[in-house]
Each structure stands twice: as structure tokens, then as C-alpha cells.
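Contents: one structure, followed by commentary.
The values are calculated or read from the model by the stated rules, or taken from the named source; none is laboratory data. These figures come from a predicted structure and were not determined experimentally. Counting neighbours? That spans all protein chains shown, and the Cβs are built from the backbone with ideal geometry, glycine included. The protein model used for the area step is the full one, side chains on, heavy atoms only, and it has no ligands, DNA or RNA in it. Shrake-Rupley method; radii C 1.70, N 1.55, O 1.52, S 1.80 Å.
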Amino acid sequence: QRRVHGARGQLKMVIPFLVRCFSTAKVKPHSVIKDISSNLLVSVSMGWNNSGISQQDLTNNLKRNGIIKSSRVEEVFSSIDCKFFIPDPASSTHPYEDKPQPIGYGATISAPLMHAICLEILAPFVTSKTKVLDVGSGSGYLPACFAFLNRPSGAVYGIDLLPELVANSTRYIQQAVPDLAQRISLFAGDGFNGLPQHAPYDVIHVGASCKSIPETLFAQLKTGGCLLIPVGASGQEQTLTLVEKREDGSMETQSVMSVIYSPMYTHAESTVQQQQLRTVEPSLDELSQKLSSLEDQVRDWQAAFKVQHGRLPRQQDMMSDAHMLEILSSIRVVRQSIKRKDGERLSSKSS
């Protein structure tokens, strides 16, 4: 009980800080164009230079810019090198850039900024005996970070829809952090169902958006436990939401910040989505041409907005325009198709 109240007290300091940062950030629309398929639309519009030339440089930049605030999260980032969680880091633009990187099968490892924010929020809840569930475990980077935080006897579980990603991430973890691997268990399955066989959990992190908070995941929380999840419709502005389970079993929610995540799919939805992607991606060249055309439309919209309002559009201007939302959604789909093709190429090359 003291742990829960202590964590809540620390969050009262962390969350207002994040809100101030995002509400005062200078928006650079062209960075939004280039990285519209990123997990966090806001993060690529902030003008912060978090990227580095090494893991330690990346960590230092995130700390200097006020994203990493606690010594625990700083230690995690300094100790777990993200380049080992990318299929072929040598072919990556740069493994320490603050942007998502393709990991194959249409998936990405999230931008370091998003990892740092989520760890800062959840770290106060993680102790040496905490049980953590990561839904949408992807590359395996966050499960490794959680296993570092809950040393020496905590347990970490991860679930991802694609067995291929689970196999790859298991291998990455064993190679990158072999001393932590024995406390990390990854499974292929439907994230909406969680992993009830290992419940209840102290902490649940969800790395994909849901229209509402899944009751199945909330039911798998311990009393006093917390769930961090982006809530909202696919392709629109969502709310990163912290959910705590009260003593009486009721739900207490706290809005952290606005985000845009890729949606969480069931098996059936994933199959349909992959089929839809394939119908619009006959070749990488055609996809690149389509993306260039969509980006030109965004630039034209921005220019027209500036003429009409005397300033460049902010994020809220773009998100409140129906035509712009349609364009941005199309960009996200096309870029996801490009990343899937690149990821499949990298995976076949590594195998």
C-alpha cells in the first residue's frame, strides 16, 4: 500500500511536467510529414534533438531535454542498447535516432522518446518483486527494460500477435541481456486477452491503441496495480491513459498526454489489415511515389493555412481538419506498407 501511494506521489510530479512540455512545444509540421507513421505524432513535432551517436549519447540527450528524469530510468537506458533489438542495425539509417525503426512484418520498435516517457510513468510502480505484462511486446526492448527495473526476482511477460516477432524478440533478448532473459517470457497471442494464466499483474503496459480500456486486461491487474494504455480511435488523436485498480476493484483513470499509436488488432483484423496493405503496395517505387504525392498535399494544405491565418498550423489545427486527417491516415497506411516491405527484406536477409 505504501508503494502504491509513493508511486502515485511521484506521478503527480511526472505527469504535469509532461503536459507542460507538450503544451509549450514548438511544432514543426514538416517533421510530422516525414514521420507520420511514428507511434507518437507529437514527439516528432517538438523540435527536441534526442538522437545520438551511441546508446549513452541518446540517454544523455533524453536526460538533457527533460524526458528522462529519474536515475532508475537513466540506468535502464544506459544499460540496454536498442541497436540489438533491430533486425539489421547496420542497414538502419541510425539505430540511435529518435524515431521508430522497422523490425519486420509491418511492425516497428518505438521511438526512444516514447520508451522513456512510458518507463518514467511506470517505474514508480515497479519493484524487485513486481510482475509486469507488456501487451504488444514487439522487438522485446520494453520487456528487457522492465526486467532490468524489477531485478532480481521480478517476472516479465510479453504477448504479441505475430509468432515471428515473438521468435525474433526472444532471440534479441537472449543475445542482448542474457542475465535478464530467464525472467522474461514471451508468448504469441491476442493482446486483448492478455495472459490470464500468469495473472494477476502489478503493471500492464499496452503498446497499441484501443477504442476503450479492455475489461479483460483490467481484470488481470492486482489491487493497487496500474495499466498504461493509449485510448482512442485508430488514425485519430488518442489519450495515453494511466489506469489504477482501487481497493474496491473500481477503476481510477488519469489522462497523461495526446498520442497517435497504431491500433491493436485481433487475429482476424490483422489478417484483413495485411490483405488491405498488399492491395495498395504493388512495388516500393509506386508506394514511394504515392507517399510523395500525399506529402505534397500536406505541404499545400500548410501553405494555404499560413496564407489564411498568418502562421504555420499547429498539431491541433491539423487534427481538427477532416480532410487533413484523411491525408494523414493515408500516409500512415502507405508508410506502414513501406516499412513492412523493408522489414520483410531485413528479416529474410538476417535469416
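Brief remarks on what is shown
- Single residue of Ser288, Ser292, Ser258 found to be open to solvent by 20 Å² or more (accessible area, probe 1.4 Å), modelled with pLDDT under 95, in a strand (DSSP E or B) and not aromatic (Phe, Trp, Tyr): Ser258
- Among the conditions (1) open to solvent by 20 Å² or more (accessible area, probe 1.4 Å); (2) in contact with a strand residue (DSSP E or B) (Cβ under 8 Å, 6 or more places away or on another chain); (3) farther than 29 Å from Gly66 by Cα; (4) modelled with pLDDT under 95, His198 misses just one, which is (4).
- Number of positions in segment 220-252 that are within 17 Å of Val132 (Cα to Cα) and among the basic types (Lys, Arg): 2
- Test for Tyr157: is it open to solvent by less than 10 Å² (accessible area, probe 1.4 Å), in contact with a helix residue (DSSP H, G or I) (Cβ under 8 Å, 6 or more places away or on another chain), at pLDDT 95 or above and among the hydroxyl-bearing types (Ser, Thr, Tyr): no
- Residue list for segment 201-211, restricted to those being open to solvent by 10 Å² or more (accessible area, probe 1.4 Å) and modelled with pLDDT under 95: Gly207, Ala208, Lys211
- Odd one out for Ser185 among (1) buried (at least 18 other Cβ atoms within 10 Å of the Cβ); (2) assigned to a strand (DSSP E or B); (3) of a type in the set (S, T, N, Q): (1)
- For segment 162-180, a tally of residues being more than 18 Å from Tyr265 (Cβ to Cβ) and crowded, with 20+ Cβ neighbours inside 10 Å returns 5.
Yes or no, residue by residue, for (1) touching a residue at least 60 places away in the same chain (Cβ under 8 Å); (2) in contact with an Asp or Glu (Cβ under 8 Å, 6 or more places away or on another chain):
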| residue | (1), (2) |
| --- | --- |
| Ile117 | yes, no |
| Ser128 | no, no |
| Lys131 | yes, yes |
| Ser139 | no, no |
| Phe146 | no, yes |
| Tyr157 | no, yes |
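- Taking first residues from segment 232-257 that are closer than 23 Å to Lys222 by Cα and partners that are among the charged types (D, E, K, R) and surrounded by 17 or more Cβ atoms within 10 Å (Cβ to Cβ), the Cβ contacts under 9 Å between residues at least 6 apart in sequence or on separate chains come to Glu244/Arg8; Met251/Glu244; Met251/Lys245; Glu252/Glu244; Glu252/Lys245; Thr253/Glu244; Gln254/Glu244.
- Test: residue in segment 193-213 that is polar (S, T, N, Q), without any contact (Cβ under 8 Å) to a residue 40 or more places away in the chain and part of a strand (DSSP E or B): no
- Residue check, Asp98 buried (at least 21 other Cβ atoms within 10 Å of the Cβ) and either on the phi < 0 side of the Ramachandran plot or small (Gly, Ala, Ser) (or both): yes
- Residues of segment 295-327 that turn out to be out of contact with any helix residue (DSSP H, G or I) (no Cβ under 8 Å at 6 or more places or on another chain) and either closer than 23 Å to Ile338 by Cα or open to solvent by 100 Å² or more (accessible area, probe 1.4 Å) (or both), as a count: 8
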